[in-house]
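Novice: The structure follows.
Nothing in this text is a laboratory measurement; each read-out follows from the coordinates by a stated rule. Every value quoted in this text rests on a predicted model; they were computed, and no experiment measured them. Using ideal geometry, Cβ is built from the backbone for each residue, glycine included, and neighbour counts are taken over all protein chains shown.
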Amino acid sequence: MHPHKFALWLFIVSILMIFASMTSAFIVKQGDGSWLDYNLPSMFWFTTAVIITSSGLLQWGYFAAKQDQLKKLKILLAFTIVLGLVFLVGQWYSWVQLVSMDVFFVGNPGGSFIYVLTGLHAFHLISGILFLIIVLISALKNKVHSKNLVRIEMCATYWHFLGALWVYLLVFLVFYH
Amino acid sequence: MDQHIAETAGYHDEQWHSHGHQKESFVTKYIFSQDHKTIAKQFLITGMFWAVVGGALSSVFRLQLGYPDMSLEWLRPILGGWITETGQLDPEFYLAMITMHGTIMVFFVLTAGLSGTFSNFLIPLQIGARDMASGFLNMLSYWFFFASSVVMLISFFLETGPASGGWVIYPPLSALPQAMQGSQGGMTLWLVSMAIFIVSSLLGSINYITTIINLRTKGMTFTRLPLTIWAFFLTAVIGVLSFPVLFSAALLLIFDRSFGTSFYLSDIYIAGEALSHQGGSAILFQHLFWFLGHPEVYIVMLPGLGITSEIIATNSRKPIFGYRAMIGSLLAISVLSFIVWAHHMFVTGMNPFLGSIFMILTLIIAVPSAVKVFNYLATLWRANIRFTPGMLFSIGLVSFFISGGLTGIYLGNSAIDIQLHDTYFIVAHFHLVMGAASFFGMLAGVYHWFPKMFGRMMDAKLGYIHFWLTFVGVYLIFFPMHYIGIAGFPRRYYSWTNFDVFNSFTDLNIFVTIAAIAVMASQFIFLFNFFYSMFKGRVAPANPWKSNTLEWTTPIRPEHGNWPGTIPNVYRWPYDYSKPGAEDDFIPQNVPFSQTLESNFPHENDLIGLEKEEEGIVIDENETH
């Protein structure tokens, strides 16, 4: 395996540990009682669809790069970035929905946790978008093609991980909120 | 075919040479260097700076504990307003000093200074790699550490002082700025500094793991790795898994402190006034903190154990006893380190049943630890020991590991721990087993690998004086502390003279203080030896300890890229010392079995054919770099 890819997987493990500790803290705190009950914002379903679609587009782009269809690759990468941004905006509106349901960041930890989980995920997603932009720039310079796939492969791994992480957080929140 | 190999090899050499000579200016060679050896030295020097700061802090608060009435007026030029008008130490600053002593020693000296130095220095050299998997991230790792050091140092100069809630920064004390002075700006800087430190540590650990798994030279299988590398590898694995959890804990604490959330806070009254924080749990922080905190103990300890394995085998001129058992015990300790954290929390009112589960898991750690001790002693047993300074410090580590580990068995039992919790017994225990022991591992490593780092030898006589003063001194400090602790003397107290029970321990405290200052002073012998030998020491031979590992096959002062020619292949494990029939009492790892027919075991003769086949395989270095 390429050492940089291996390092990326280790990086992913460390991110996973942050979220594992956060969700464990969530469960431990919930077990203590005095917990705020609320419904999840409906926006979550929209953003979930967006992030899954973006993963699909990126994978399609990767296949395009593999077959040296560079024009298609550039368009797909651009669309992935746009969907990533749409996801972030959607997450912001989910916070607006939460506030309108009287669930605040400052207050009962039950409410605070959902902001921390989504916020931390959004923070990592921004890093993913930056990575996508770097790959897009090198694609525009025609540097991503069937003989030079390491970068887009790493980018795709990271982006799929961030999507899967969101799905994990959503499922977790559905069962434990 | 052979022609082709020679040409490609030559091509690489040129590439590496140009990399080593022409491109580097002073800045890229010594400051923003991507050479793992330079980065290791940067970590070492920074770690030594912090060790002096941390040691100086302990000397000052030992003065307070030993001589509570002493006038510290002479410290006013340094500490300024922290010396009260009557010439005493400010009580709040006393708390800041013990907090900073713990933070600095655990994280900056024994994590960054120890792992950062020896993982960086030894991993590429001992596995046969040109450099780390990513030299750039490695450089970032150091400079993040440097940045976190600067932030931590700045906190000393705040008017309200550095963080003071103990190195474990338990909320609510650390979460509420109105609780104490140190929980104001100092605590904020502590959290910022640690967040940067975590980034540094993760970058380093990811690099170490990637390098060990991907960049080993031909023939360097996992069962031929020196035990140092195994220890650094598992240390890095523990780091990748546990430091993110500290990050979570710190992040939630930052939100509680600066954004008004209530993750750790509930039902708090300060000065008769109820705070608005509701619904949090301070115990939650302890769970998150100790999920890092306990593995952190092994992040500190394992590198020292690895270094000791290597040095003891080399200087006993014997194979390490139980090589595989050593690896197995390292693995067992690493796994167990993640499932014992609640033994730090026996007094938090946890369910006694849960307590006994954690108690059993904790006591199981004694098994792999005892395996390691047994193997060290069995290696030393009837060995032809050469008492180099590095060897003395390694033996010292084993001694501390035993005497500190035994009290660990007491403390692992919840019934006794509840009695001894937060007394000087704990302080004595962990200073011996993880403080002094890891410190000795670090010193042993410096004495042993100094010739490789700087091309010169350290002075052995000064090393012996340094060793005996430190070794005896450490026991003189920490043995009495056990008695003080059993008597119930609580740790972290500024003053105990108001309690009649503890007045009878005044003389013991004075004794400890004198020993502590003597040990601190004797470290300057080491510092002198270190810097003097760097420039004026005797020039080192290529393999001063007659050691088997690959780093001694490099030139005396290796350039960036480590080996001028091709990287040597590895044919055997690193512990072929005093092999029966062999000409010398050591056979380096890069000597094939076909050249040592007189000492081969039958199964090793079978490997000769395999060696010949492997010779034909060419590794394209471009692929990995």
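Novice: For residue B:381 and residue B:84, compute 0.36 nm times the residue count separating them, minus their Cα-Cα distance, and round to one decimal in nm.
Specialist: Between residue B:381 and residue B:84, full extension yields 101.4 nm more.
Novice: Can you sort B:386, B:257 from fewest to most other Cβ atoms within 10 Å of each residue's own Cβ?
Specialist: By the 10 Å Cβ count, ascending, the order reads B:386, B:257.
Novice: HN-Hα J couplings of region B:347-361 from phi, Karplus 6.51/-1.76/1.60, θ = phi - 60°, integer Hz, Gly and Pro as x?
Specialist: Going residue by residue, I get 8, 7, x, 6, 3, x, 5, 4, x, 6, 5, 5, 5, 5, 4 Hz, with x marking Gly and Pro.
Novice: Which FRET efficiency value, to the nearest 0.05, do you get for residue B:546 and residue B:615 by plugging their Cβ-Cβ distance into 1/(1 + (r/R0)^6) with R0 = 25 Å?
Specialist: 0.40
Novice: Between residue B:146 and residue B:258, what's the calculated FRET efficiency when r is the beta-carbon distance and R0 is 35 Å? Round to 0.05.
Specialist: 0.90
Novice: Estimate the FRET efficiency between residue B:370 and residue B:416 by the formula 1/(1 + (r/R0)^6), using the beta-carbon distance for r and 22 Å for R0, to the nearest 0.05.
Specialist: 0.70
Novice: Output ³J(HN,Hα) for region B:265-273: one whole-Hz value per residue in order, computed from phi by the Karplus curve 6.51 cos²θ - 1.76 cosθ + 1.60 with θ = phi - 60°, and x for Gly and Pro.
Specialist: Per residue, the Karplus-derived 3J(HN,Hα) values read 10, 6, 6, 10, 10, 10, 6, x, 10 Hz.
Novice: Sticking with this structure for a sec: Starting from the Cα of residue B:339, step 7 Å along the direction of its Cβ; do the same at residue B:267; then give the gap between the two resulting points in nm.
Specialist: A separation of 3.4 nm, rounded to one decimal place.
Novice: Let me ask something else. If one takes the longest principal axis of the Cα atoms in chain B, at what angle in degrees, from 0 to 90 and to the nearest 10, does the Cα axis of helix B:227-258 lie?
Specialist: Value to nearest ten degrees: 30.
Novice: Run the simple label-point estimate for residue A:12 and residue B:556 please: 7 Å along Cα→C-beta, distance reported in nm.
Specialist: Distance between label points: 4.9 nm.
Novice: Sequence-distant or interchain residues sharing an amide H contact under 5 Å with residue B:586, placed H: which?
Specialist: Here the answer is B:578, since their amide H atoms fall under 5 Å of that of residue B:586.
Novice: Where a ≥ b ≥ c are the square roots of the eigenvalues of the C-alpha gyration tensor, would you call region B:518-625 rounded, which needs a/c under 1.5, or, failing that, prolate if a/b is larger than b/c, or oblate?
Specialist: oblate
Novice: Which of rounded, prolate, oblate describes the protein assembly as shown, given a ≥ b ≥ c as roots of the alpha-carbon gyration tensor eigenvalues and a/c under 1.5 marking rounded, otherwise prolate only if a/b is larger than b/c?
Specialist: It comes out oblate by the Cα gyration axes.
Novice: Run down the aspartates and glutamates and flag those whose C-alpha is under 20 Å from the C-alpha of residue B:452, throwing out any fewer than 8 positions away in its chain.
Specialist: Filter leaves B:35, B:131, B:310, B:551, B:559.
Novice: Taking H placed 1.01 Å from N in the peptide plane, check which residues at least 5 places from residue B:265 or on another chain put their amide H under 5 Å from its amide H.
Specialist: Here the answer is B:280, B:281, since their amide H atoms fall under 5 Å of that of residue B:265.
Novice: In region A:51-176, how many lysine pairs have Cα atoms under 12 Å apart, counting only pairs 8 or more places apart or on different chains?
Specialist: Close lysine pairs under the 12 Å cut-off: 4.
Novice: Loop by DSSP (not H, G, I, E, B), at most 11 other beta-carbon atoms within 10 Å: where is the longest site-free stretch of chain B for GluC sites (Glu not before Pro)?
Specialist: Between exposed loop sites, the widest span is B:160-582.
Novice: Ok, one more. Please give me, ordered by residue number, the trypsin sites (Lys or Arg not before Pro) of region A:61-161 that lie in loop per DSSP and have at most 14 other Cβ atoms within 10 Å.
Specialist: When the trypsin sites (Lys or Arg not before Pro) of region A:61-161 are filtered for loop state and at most 14 Cβ neighbours within 10 Å, A:141, A:143, A:147 remain.
Novice: On to the next question. Apply the Karplus parameterisation 6.51 cos²θ - 1.76 cosθ + 1.60, with θ equal to phi minus 60°, to every residue of region B:306-323 and state each ³J(HN,Hα) to the nearest whole Hz, in sequence, with x for glycine and proline.
Specialist: x, 4, 4, 4, 5, 5, 5, 5, 4, 8, 8, 6, 9, x, 4, 6, x, 4
Novice: Setting aside same-chain residues fewer than 8 positions from residue B:372, which lysines have a Cα under 25 Å from its Cα?
Specialist: Filter leaves B:318, B:546, B:579.
Novice: Also, I was wondering about something else. Put +1 on the Cβ of each Lys and Arg and -1 on the Cβ of each Asp and Glu in region A:51-176; which of A:58, A:106, A:148 then has its Cα farthest toward the positive end of the dipole?
Specialist: Positive-end residue among those listed: A:148.
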